[in-house]
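Trainee: The structure's right below; bear with me while I get my questions together.
The values are calculated or read from the model by the stated rules, or taken from the named source; none is laboratory data. Keep in mind that what you see is a predicted model, and the values were worked out from it rather than measured. Cβ coordinates were reconstructed from backbone atoms using ideal geometry, including for glycine residues, and neighbour counts include every protein chain displayed.
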Amino acid sequence: MHNYILNYLPYKSSFLFVDNISALSEDGVTGNYTLKKDAFFYEDHFPGNPVTPGVIITEIMAQIGVVVLGIHLMLTGNADKNVAMNEGSFPLLTSTNVEFYKMVLPEEKVIVTSKKQYFRFGKLKCLIEMHNTANELVAKGTFAGVIKNAAPKQSVNE
């Protein structure tokens, strides 16, 4: 339904942690991701008993809850007029405050819901929760980020 937004995400292959966007508005987003059992981070975390690292849980929450919502706001014109998105744009996470409640295992599906607190001066701040398919709270936190534009590439002769 809202998966057109996935074409705008700057992540590829093994670092894209968004499967589906089920709800998207200027006030928030809901999406999900299923952890792949052969993901690179399970090999050594922990051998024989793989558990999703907290940094990956945080990244899933950030990609769905801040990046997807931020790009949506930029594309629909609901962003600060002084901030423009173009081919050189990329998201930067500026702060997180995350609490973890449950482990996430390989092949587990997680659902992320983000509610916008504000978007001004190019900064988006959201309250984000992650649940498992049993609707148990996995993690929650406050995330903030900005969309930055890459500096033009300079030639070697400059």
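Trainee: Checking LYS12 against (1) loosely packed, with under 12 Cβ neighbours inside 10 Å; (2) more than 21 Å from VAL146 (Cα to Cα); (3) within 17 Å of the chain's Cα centre (by Cα); (4) at pLDDT below 95, which test does it fail?
Mentor: That leaves (2) as the condition not met.
Trainee: Can you name the residue in the range 98-139 that is closer than 15 Å to ALA62 by Cα and among the acidic types (Asp, Glu) and is also surrounded by the most Cβ atoms within 10 Å (Cβ to Cβ) among such residues?
Mentor: Checked the range 98-139; the qualifying residue surrounded by the most Cβ atoms within 10 Å (Cβ to Cβ) is GLU129.
Trainee: In addition: Any idea how many residues of the range 7-53 are of a type in the set (Phe, Trp, Tyr), closer than 15 Å to GLN63 by Cα and not in a strand (DSSP E or B)? Break it down stepwise before answering.
Mentor: Let us first name the residues in the range 7-53 that are of a type in the set (Phe, Trp, Tyr), namely 8, 11, 15, 17, 33, 40-42, 46.
Restricting the remaining residues to those that are closer than 15 Å to GLN63 by Cα gives 8, 11, 15, 17, 33.
This time we only want the ones that are not in a strand (DSSP E or B), so: 8, 11, 15, 17.
So the count comes out to 4.
Trainee: Just to be sure I understand, how many residues within the range 28-52 are surrounded by 15 or more Cβ atoms within 10 Å (Cβ to Cβ) and in contact with a strand residue (DSSP E or B) (Cβ under 8 Å, 6 or more places away or on another chain)?
Mentor: Of the residues in that region, 7 qualify.
Trainee: While we're here: Tell me, please, whether a residue that is acidic (Asp, Glu), at pLDDT below 95 and within 13 Å of ILE147 (Cβ to Cβ) can be found in the range 32-53.
Mentor: Within the range 32-53 (the criterion being acidic (Asp, Glu), at pLDDT below 95 and within 13 Å of ILE147 (Cβ to Cβ)), the answer is no, since none of the residues qualifies.
Trainee: Something else about it: For the range 15-52, give me each residue that is over 19 Å from GLY65 (Cα atoms) and touching a Phe, Trp or Tyr at 6+ places or on another chain (Cβ under 6 Å).
Mentor: PRO50
Trainee: Now, a different point. Within the range 54-80, take every residue that is among the small types (Gly, Ala, Ser) and assigned to a helix (DSSP H, G or I) and give me the one that is nearest to the chain's Cα centre (by Cα).
Mentor: For the range 54-80, the residue satisfying everything is ALA62.
Trainee: When you look at ASN3, is it within 15 Å of HIS131 (Cα to Cα) and among the polar types (S, T, N, Q), yes or no?
Mentor: Numbers: within 15 Å of HIS131 (Cα to Cα): no; among the polar types (S, T, N, Q): yes.
Taking the combined requirement at face value, the residue does not satisfy it.
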